[in-house]
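As structure tokens, the structure follows; a few thoughts come after it.
The values are calculated or read from the model by the stated rules, or taken from the named source; none is laboratory data. As the structure is a prediction and not an experimental result, all values here were calculated from the model. Neighbour counts are summed over all protein chains in view; Cβ atoms, including those assigned to glycine, are modelled from backbone coordinates with ideal geometry.
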Ligand SMILES: *Cc1c(COP(=O)(O)O)cnc(C)c1O
């Protein structure tokens, strides 16, 4: 019988996260203060994040111990099993062995609780009582709501208005976990009121919601802001995925030829990939591939440049692949992949040609996701469909080359709350959107005068 599922007993869960910063062959460029053009100092970030997370953001320690209280929550659903997708392999009819980490088994249904839980914990021990954040389709908002309820923090989530109205289920998850979910733009903040004055019917955007959440955190005592992707400490927390996967593959004597993840802000991709990137830096022969949408092709078509993380220009300038902070992606159904930038760590690794990026359009991603569901049962999130499309691509290449290949990928979340997007796909309402060059040129004008990232 084939080995299908590799589980780890509770006591084998990794006890430290992996920080790649000290292992990078070339150091990353620093984030810059937009007013001075100088590297950001820890004090600059202190009103927004608690100091213990700021320390992680810039840490040069390779291993960062996971606090006992965080492990206790992780163990509710971790270690997640590493599964071999034998039925999908059979469907693909290619000489590949496909392994995946099922991060859809977390209570919120995605990888996002891996960082929500430690972020809530570190804020709590720092004396913070309340967190503010933004959410698009609601995956991050629901993960943080759950984490805040576990540690007795209150939580305010600014949810992009169109999603708030069209997607009640994740809002109800947030409310079940005790959070307050506010449609953005809102009357609660000056940033929201500004937008409403000019566009009373604004459907909202992630950029506006980020600005509202930061302003809200700054305006309340003992409150901080929390971000679900992009930043170094978020990617750090997600490395639990890849560290578990390494142990599980070792247990069955396997090692991947290629590691893949879908990339919006880059956190789940980094989570599975960074422990293997370390092997690659040390000389191991392995490929690492990120999959993004053709409608938001940050790594495959954007320049590497300094840009803001949000539309209202509240964040530091980050060195990253970007389409410009005022770029508004087409309304594709993978909400979690519609971010104009890419995590600085992932961007740096792409620029140094240590990892690769590929873009897929939404029709081929849904086709891959549906085929996956029919073979393996689990229904993937629309974001996850992108990495499955990349896996299909890898299998096709293996078939053409007649070479055996071991594939490892991160199954970032389930799609049970996103079935409306499958409905649109079945109804033939989705288009294979390709971003026109003119739109990229237009969006990049917004960052033309920023410091250059060389
Ligand atoms: C949020 C989300 C993503 C994209 O975010 P990353 O930070 O790039 O990982 C991907 N998949 C799922 C299921 C998500 O919820």
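Among the residues of this structure, residue 239 counts as one that is crowded, with 21+ Cβ neighbours inside 10 Å, in a helix (DSSP H, G or I), modelled with pLDDT of 95 or more and touching a strand residue (DSSP E or B) at 6+ places or on another chain (Cβ under 9 Å). The residue that is nearest to the ligand (Cβ to nearest atom), among those in the range 245-263 that are crowded, with 23+ Cβ neighbours inside 10 Å and either modelled with pLDDT under 95 or in a strand (DSSP E or B) (or both), is 262.
Of the residues making up the range 143-154, none is touching a helix residue (DSSP H, G or I) at 6+ places or on another chain (Cβ under 6 Å), assigned to a strand (DSSP E or B) and within 15 Å of residue 210 (Cα to Cα). The C-beta contact set for the range 246-275 (first residue within 17 Å of residue 232 (Cβ to Cβ), second residue part of a loop (DSSP other than H, G, I, E, B) and more than 14 Å from the ligand (Cβ to nearest atom), distance under 9 angstrom, 6+ apart or interchain) comprises 270/20; 274/19; 274/20; 275/20. Taken together, the residues in the range 279-301 that are more than 16 Å from the ligand (Cβ to nearest atom), part of a helix (DSSP H, G or I) and either in contact with a strand residue (DSSP E or B) (Cβ under 7 Å, 6 or more places away or on another chain) or under 28 Å from residue 109 (Cα atoms) (or both) amount to 1.
Residue-by-condition table, conditions (1) under 17 Å from residue 329 (Cα atoms); (2) crowded, with 17+ Cβ neighbours inside 10 Å; (3) under 21 Å from the mean Cα position of the chain (by Cα):
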position	(1), (2), (3)
409	no, yes, yes
417	no, yes, yes
435	yes, yes, no
439	yes, no, no
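Of the residues in the range 366-380, at least one is outside any strand (DSSP E or B), within 12 Å of the ligand (Cβ to nearest atom) and touching a helix residue (DSSP H, G or I) at 6+ places or on another chain (Cβ under 6 Å). Please indicate, with yes or no, whether at least one residue in the range 144-158 is closer than 25 Å to residue 330 by Cα, in contact with a strand residue (DSSP E or B) (Cβ under 9 Å, 6 or more places away or on another chain) and modelled with pLDDT of 95 or more. Yes, some residue in the range 144-158 is closer than 25 Å to residue 330 by Cα, in contact with a strand residue (DSSP E or B) (Cβ under 9 Å, 6 or more places away or on another chain) and modelled with pLDDT of 95 or more.
Comparison of 201, 216 shows that the only residue that is away from the ligand (no atom under 16 Å from the Cβ) and either under 14 Å from the mean Cα position of the chain (by Cα) or in a loop (DSSP other than H, G, I, E, B) (or both) is 201. Scanning the range 381-415 for residues that are assigned to a loop (DSSP other than H, G, I, E, B) and within 16 Å of the ligand (Cβ to nearest atom) gives 381, 412, 415. Take the conditions (1) in a helix (DSSP H, G or I); (2) touching a strand residue (DSSP E or B) at 6+ places or on another chain (Cβ under 9 Å); residue 90 misses just one of them, which is (2). Out of the range 103-129, which residues are within 13 Å of the ligand (Cβ to nearest atom), surrounded by 24 or more Cβ atoms within 10 Å (Cβ to Cβ) and either in a helix (DSSP H, G or I) or without any contact (Cβ under 8 Å) to a residue 24 or more places away in the chain (or both)? Across the range 103-129, the qualifying residues are 103, 113, 114, 115, 116.
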